[in-house]
Amino acid sequence: MTLVGDLHEEHGAVYTERGGVDVVDHYGRPERTHRAVRNGVGVIEMGYGVLVVEGDDRVDFVDNAVSNRVPDAEGEGCYALLLDPQGRIETELFVYNAGERLLCFTPPARLDPLLADWREKIFIQDVQLRDASADFGVFGVHGPRSTEKIASVLNHAGAPEEPFSFVRGSMADVGVTVVATDAPTGEEGYEVVCPADQAEELFDTLLTRGNAAIPVGYRTWDTLTAEAGTPLFESELEGRIPNVVGVRSALDFDKGCYVGQEVVSKVENRGQPSQRLVGLLPQERPEADAAVFAGDEAVGEVTRAVESPLLDGPIALAFVDYDLPDRDDDLTVRVDGEAVAAELARLPFVEGSAQSGRLPRYSDSDSEATSGESA
């Protein structure tokens, strides 16, 4: 649920529902907004569930549950996954060490199941859990000029540099926490967190004070992240094994046991998963779940397809057989029951001011998700 509905309305917002939460779809002319973000900076209200973990055993408790190493130093964070016993992704989490507490940001629909699951796992540990989703406003600031934007309005601190590190300061009269992201849009990016009752003042500050910025809806978020090759929870992550998605940034292969870790290790030791996430350039835009064929053989399915404003045509992310040749001249996707020609594309589709930290990788030496023609 938006905390700044009046301001969204002033900017002409059109709403949609995502993960059980009402969010801004667009403000009109999303293609123009997309280009403006690629050339400057945009601000989006993020819809997260927020779980607070407190108590002396908070770091060990969360670290034992998730796929990545939870930092024990204040001001640091990580991107992590919660898996089921079959190694499939149940949720993604952004975990931040805020001193006496951890803040875990999750997809909003996954907060209640996560809270219930973790409450059942508390035995003798000193751990307290609570839903703090209504306590915070979170705004994403993305674009090649986002660092300049943050610097123009942030007081008492400099912009953080390392992904998931954060600083505390103020913007106008609002106390804020500024987090460096892992560039999910393929551009420099930050998330700014504030008390919920000051969200309107912060949103107005981000849009109207300091360097210029524009409001952004989730339709533009979808096209930006697709061009950047960033897998999203609802379309690419949920229910899949992390090795298949290539989200190595969420995995610590040296840490101790967590639920699903045995499956992740087996796939890693095998050398390759059954599928990989690739970019496609189809001649027409397919729907999600559209089948991908190499000749007469089904080799995968589309997860997400958008019209790319920068490439002036459709692009898609798809899971395909891992050993599909990097250059397959006989690829097609199904669009309205018809076979439509498609080509493999190198990820990211668009080179921005930064590379997404979640760009799929299938070994520590990978620098790109897949080969193919650069788009």
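No value in this document is a laboratory result; all are computed from the given coordinates. Because the structure is predicted, anything quoted here is derived from the model rather than measured. For neighbour counting, all protein chains shown are included, and Cβ atoms are generated from backbone atoms with ideal geometry for every residue, glycine included.
Among residues other than Phe233 whose Cβ falls under 9 Å from its Cβ, what is the net charge (Lys/Arg +1, Asp/Glu -1)?
-3
For Leu317, Leu310, what ranking results if the residue with the fewest other Cβ atoms within 10 Å of its Cβ goes first?
Lowest count first: Leu310, Leu317.
Between Phe123 and Glu162, how many nm apart are label points set 7 Å from Cα along the C-beta direction?
With each label placed 7 Å out from Cα toward Cβ, I get 3.3 nm.
Points 7 angstrom from Cα along the Cβ direction at Ala116 and Ser365: gap in nanometres?
The two pseudo-label positions are separated by 4.6 nm.
To the nearest 0.05, what FRET efficiency results for Glu148 and Glu74 with a Förster distance of 25 Å applied to their C-beta separation?
The pair Glu148/Glu74 has a calculated efficiency of 0.40.
Count charges around Asp336 for me, please; just the other residues with Cβ under 12 Å from its Cβ, Lys/Arg as +1, Asp/Glu as -1.
-1
Please compute the contact order of the chain in relative form: average sequence separation of alpha-carbon pairs under 8 Å and at least six residues apart, divided by the residue count, as a percent.
17
Of the residues Glu76, Glu120, Glu191, which exhibits the maximal mean-square fluctuation in a Gaussian network model of the chain defined by a 10 Å Cα contact cut-off?
Glu120
R0 = 35 Å: FRET efficiency of Thr208 with Phe233, Cβ-based, nearest 0.05?
0.65
When only DSSP loop residues count, what chymotrypsin sites (Phe, Trp or Tyr not before Pro) in segment 123-164 have their Cβ near at most 15 other Cβ atoms within 10 Å?
Hits after loop and neighbour filter: Phe123.
Reachable lysines from Lys266, Cα under 23 Å, same-chain residues fewer than 8 places away excluded?
Lys255
Let's see if you can work this out: charge +1 on each Lys and Arg Cβ, -1 on each Asp and Glu Cβ, no other charges. What is the dipole magnitude of the chain about its Cα centre, in debye to the nearest 20?
Once rounded to the nearest 20, the dipole reads 440 debye.
Please work out the C-alpha center-to-center distance from segment 1-57 to segment 317-341 and express it in whole Å.
If we compute the Cα centre of each part, the gap is 33 Å.
Dipole magnitude of segment 218-375 about its Cα centre, charges +1 at Lys/Arg Cβ and -1 at Asp/Glu Cβ only, in debye to the nearest 20?
Charge dipole of segment 218-375: 640 debye, to the nearest 20.
Between Gln272 and Asn155, what length in nm is gained on full extension when 0.36 nm per residue of separation is reduced by their alpha carbon distance?
37.4 nm
Along the charge dipole of the chain, Cβ charges K/R +1 and D/E -1, which of Val59, Gly77, Ser170 sits furthest on the positive end?
Result: Ser170, furthest along the dipole toward the positive end.
Compare the peptides 104-112, 230-238 by average per-residue count of other Cβ atoms within 10 angstrom and give them in order, highest first.
In decreasing order of mean packing, 104-112, 230-238 become 104-112, 230-238.
How long, wide and thick is segment 1-152, going by the Cα atoms along their three principal axes, in whole angstroms, largest first?
53, 32, 30
Are there trypsin sites (Lys or Arg not before Pro) in segment 10-85 that DSSP marks as loop and that have at most 16 other Cβ atoms within 10 Å, and which are they?
Those satisfying the criteria are Arg69.
Cut-off is 10 Å between beta-carbons; in what order do Leu207, Leu114 appear when sorted fewest neighbours first?
Leu207, Leu114
Provide, for q = 0.08, 0.12, 0.14 Å⁻¹, the log10 of I(q)/I(0) from a solvent-free Debye sum over equal Cα point scatterers in segment 1-273.
Debye intensities relative to I(0), on a log10 scale: -0.32, -0.73, -1.00.
For the chain, what does -39500 (n - 2.57) per DSSP helix run (n ≥ 4), summed and divided by total residues, give at 222 nm, in deg cm²/dmol to the nearest 500?
Using -39500 (n - 2.57) per qualifying helix, the result is -5500 deg cm²/dmol.
Filter the trypsin sites (Lys or Arg not before Pro) in segment 213-261 to those in DSSP coil with at most 15 other Cβ atoms within 10 Å of their Cβ, and list the result.
Counting only loop positions with at most 15 other Cβ atoms within 10 Å, the trypsin sites (Lys or Arg not before Pro) in segment 213-261 are Lys255.
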